[in-house]
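Undergrad: Let me begin by handing over the structure; questions about it come next.
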Amino acid sequence: MRTFALLSTALFASFTLNAQELAQVLPDAETEKLFREGEKAYNSGSYGNAISFFDQVLKRDPDHLNAYLQRGFCHSLQHEYELAVADLTEVIARKNDHLWAYTSRGSAYNKLEKYELAMRDFDTVIGLDPKDQEAYNNRGWTKKATGDMSGACADWRTSKKLGNGEAKIILTNNRCK
């Protein structure tokens, strides 16, 4: 009987610990409501309002990966590229294979004319997913900005082969043969 009581206590403690750990991982209802409001603001083009909601989410849950990602997108769309880079770097620090975070951060680096860093991010995406047409397309723009037109054209051709519908226009407009 004593063995059963000890076993029950151990199982209960284990269950309680797992529930506590789970509670730390799952956001509360108010945090999720704020996040959804941020998404609505983002989808309606109200990026400043969206940033305010994502700020509130991150105050409540500093590990909310999607709030960093969405806030980074908003900063980029408002031409606040340094802030976008900071948020997207937070995403990458928490999930180092997050393709959209690398792609978006690379695009922000392009806008900041930090081409080596942009190239590194696009190379990372291509290394993780060699069929990512967007990474080839964006890397092509980075190569063009650094004066490497043959490399840019090669990347745009690859992007086109992978299904990027805009690549044909890009190739034509940039006189790639």
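Just so you know, all these numbers are worked out from the coordinates, no wet-lab data involved. Treat the numbers as computed from the prediction; the structure is a model and nothing was measured. Here the Cβ is made from the backbone with ideal geometry for all residues, glycine too, and neighbour counts use every protein chain on show.
Undergrad: Within region 144-177, which residues have the backbone N less than 19 Å from the label spot 7 Å out from D123 along Cα→beta-carbon, could you tell me?
TA: Answer for region 144-177: 144-156, 158-159.
Undergrad: List the GluC sites (Glu not before Pro) within region 77-148 that fall in a DSSP loop (any state other than H, G, I, E or B) and whose Cβ has at most 13 other Cβ atoms within 10 Å.
TA: For GluC sites (Glu not before Pro) across region 77-148 that sit outside H, G, I, E and B with at most 13 neighbouring Cβ atoms in 10 Å, the list reads E113.
Undergrad: Which of the three applies to region 28-86, rounded, prolate or oblate, going by the alpha-carbon gyration tensor with a ≥ b ≥ c and a/c under 1.5 meaning rounded?
TA: oblate
Undergrad: With θ set to phi - 60°, apply the Karplus curve 6.51 cos²θ - 1.76 cosθ + 1.60 along region 169-177 and write out the HN-Hα couplings as whole Hz, x wherever there is a Gly or Pro.
TA: 5, 4, 4, 5, 5, 9, 6, 7, 9
Undergrad: Output ³J(HN,Hα) for region 70-81: one whole-Hz value per residue in order, computed from phi by the Karplus curve 6.51 cos²θ - 1.76 cosθ + 1.60 with θ = phi - 60°, and x for Gly and Pro.
TA: Going residue by residue, I get 5, 5, x, 4, 4, 4, 4, 5, 9, 6, 9, 5 Hz, with x marking Gly and Pro.
Undergrad: All other residues with a Cβ under 14 Å from the Cβ of G38 taken together, and with Lys, Arg as +1 and Asp, Glu as -1, what is their net charge?
TA: Combined, the nearby Lys, Arg, Asp and Glu give -1.
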